[in-house]
Amino acid sequence: MRVGVIGGGQLARMMIPAAIELGVDLRVLAEAEGMSAAIAADRVGDYTDTATVLAFAREVDVITFDHEHVPQDVLRALVDAGVAVHPGPDALRIAQDKLVMRERLSELGLPVPDWARVENAAELDDFIADHGGVAVVKTPRGGYDGKGVRVVRSAAEVAEWFVTLVEDGSAGALLVEELVDFRRELAQLVARRPSGEVVAWPLVETVQVGGVCSEVIAPAPRSAGRLADVAADVAITIAEGLGVTGVLAVELFETSDERILVNELAMRPHNSGHWSMDGSTTGQFEQHLRAVLDLPLGATGSRDDWSVMVNVLGGPVEGSLADRYAAALAGHPTVKVHNYGKAPRPGRKIGHVTATGDDLDAVVYEARATAAFFQD
Ligand code: ADP
């Protein structure tokens, strides 16, 4: 069982322990030397170069991903050469472009924020005028962690984005959405294997600061019953409707009138699922490997009443995470630390911690207190 992962970031890195346990031979095609998954990266190369990716793929049974940026022509060349690619190009195309994503989700009849494709400032200003004088503009491609997302009251505030669209010859349009008055953000993780089996983890609540995920609470408080059922239904409909294989993360808004709207999709293990490594019977990285290898999926129930994951953002101003272990671990024996082996830099995700237990307030405290030792 040989799995090739394209991309050497922390998601590839966290597949390594799961691969070791399962006896999967995991290989990584990293973008550069010394990346997070360097420990398993036997190849460094350009994932946009077909020959490089094909050569890597010939040595494995299935190709999967640490990110969604592998170009469509490279993905198609792999499929044409008989390589098993999970998730496949048709599914990934939808995760690669937010306009395509909105179109497909609308076609599937799923609840999404009101949206439009706008090609110029006049169209954008019309949408803003129709939506109470404010809207959220997104670049269809290449955005992450809130980059490429802007709340605007006038098209002039994203004038340069229209210029770039013309220059880079991309789809030629921006995505605009209503500014959703959400009560909170939620995420539903599911996994689907090529032969069809789908499983869903408990619905979680995610907390974003400045467009970046900072905390995840599993399960989402006050979500048992209807909310959890609706979210699982939505995510399973997407996984089946789009033919997603592997882990799928569906980012959701819960509105003040208790509706669920789909914001974003990620077709790979996701920050909102990191808690599952310590808090669920089957962690998302193990499950992703099982799914892409078309093996039976593992149980997704929680091991404890509550799991809280807190990201380590930025990291220590001086030194490494490891320098802080002695102080951070003392007095927090139940907390699990995950270090991505990345250099600290403001705003960068360099690790996370997860606490579990039966008292939510205590679990939140434990996770935040431990994470705080690794920052500033
Ligand atoms: P990225 O791809 O960078 O993660 P997202 O589309 O997920 O971008 O947006 C990042 C954050 O911006 C979301 O988590 C949410 O907090 C906020 N956001 C995105 N779209 C909307 C919207 N239509 N209404 C209100 N807030 C939004």
Out of the helices (runs of 4 or more DSSP H) lying entirely within segment 1-107, which hold 3 or more residues that are of a type in the set (Val, Ile, Thr)? 50-57
Somewhere in segment 34-55, is a residue under 22 Å from GLY88 (Cβ atoms), among the aromatic types (Phe, Trp, Tyr) and under 18 Å from the mean Cα position of the chain (by Cα)? no
Only listed residue being under 21 Å from GLU215 (Cβ atoms), away from the ligand (no atom under 16 Å from the Cβ), touching a residue at least 24 places away in the same chain (Cβ under 8 Å) and of a type in the set (Val, Ile, Thr), chosen from VAL317, VAL244, VAL310, VAL292: VAL310
Working only within segment 135-153, note down all residues that are more than 8 Å from the ligand (Cβ to nearest atom), of a type outside the set (D, E, K, R) and not in a strand (DSSP E or B). THR139, PRO140, GLY142
Would a scan of segment 106-116 turn up a residue that is away from the ligand (no atom under 16 Å from the Cβ) and touching a helix residue (DSSP H, G or I) at 6+ places or on another chain (Cβ under 6 Å)? yes
Does segment 191-200 contain at least one residue that is of a type outside the set (A, V, I, L, M) and in a strand (DSSP E or B)? yes
Out of ARG43, ARG2, which single residue is among the basic types (Lys, Arg) and touching a Ser or Thr at 6+ places or on another chain (Cβ under 9 Å)? ARG43
Matching residues in segment 127-142 - criterion: being surrounded by fewer than 19 Cβ atoms within 10 Å (Cβ to Cβ), modelled with pLDDT under 95 and under 16 Å from ARG117 (Cβ atoms): ARG141
Yes or no: segment 87-94 includes at least one residue that is farther than 30 Å from ASP294 by Cβ, of a type outside the set (A, V, I, L, M, F, W, C) and more than 12 Å from the ligand (Cβ to nearest atom). no
When only residues in segment 202-212 that are part of a strand (DSSP E or B) and at pLDDT 95 or above count, which is nearest to the ligand (Cβ to nearest atom)? THR206
What are the residues in segment 202-226 that are more than 15 Å from ASN271 (Cα to Cα) and surrounded by fewer than 18 Cβ atoms within 10 Å (Cβ to Cβ), if any? GLY210, PRO221, ARG222, ALA224, GLY225, ARG226
Looking at (1) in contact with a strand residue (DSSP E or B) (Cβ under 7 Å, 6 or more places away or on another chain); (2) touching a residue at least 60 places away in the same chain (Cβ under 8 Å); (3) among the acidic types (Asp, Glu), find the lone condition where ASP42 falls short. (2)
Selection status of ARG193, more than 20 Å from LEU105 (Cβ to Cβ), of a type in the set (D, E, K, R) and touching a residue at least 60 places away in the same chain (Cβ under 8 Å): yes
Among the residues of segment 174-201, which ones are away from the ligand (no atom under 16 Å from the Cβ) and either modelled with pLDDT under 90 or surrounded by 14 or more Cβ atoms within 10 Å (Cβ to Cβ) (or both)? VAL190, ALA191, ARG192, ARG193, PRO194, GLU197, VAL198, VAL199, ALA200, TRP201
If you take the residues of segment 263-281 that are more than 13 Å from the chain's Cα centre (by Cα), surrounded by fewer than 24 Cβ atoms within 10 Å (Cβ to Cβ) and touching a residue at least 60 places away in the same chain (Cβ under 8 Å), which of them is farthest from the ligand (Cβ to nearest atom)? ASP278
Tell me, please, whether a residue that is within 25 Å of ALA191 (Cβ to Cβ), within 16 Å of the ligand (Cβ to nearest atom), surrounded by 15 or more Cβ atoms within 10 Å (Cβ to Cβ) and within 20 Å of the chain's Cα centre (by Cα) can be found in segment 68-84. yes
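The values are calculated or read from the model by the stated rules, or taken from the named source; none is laboratory data. Predicted model only: the values in this text are computed from it and were never measured. For neighbour counting, all protein chains shown are included, and Cβ atoms are generated from backbone atoms with ideal geometry for every residue, glycine included.
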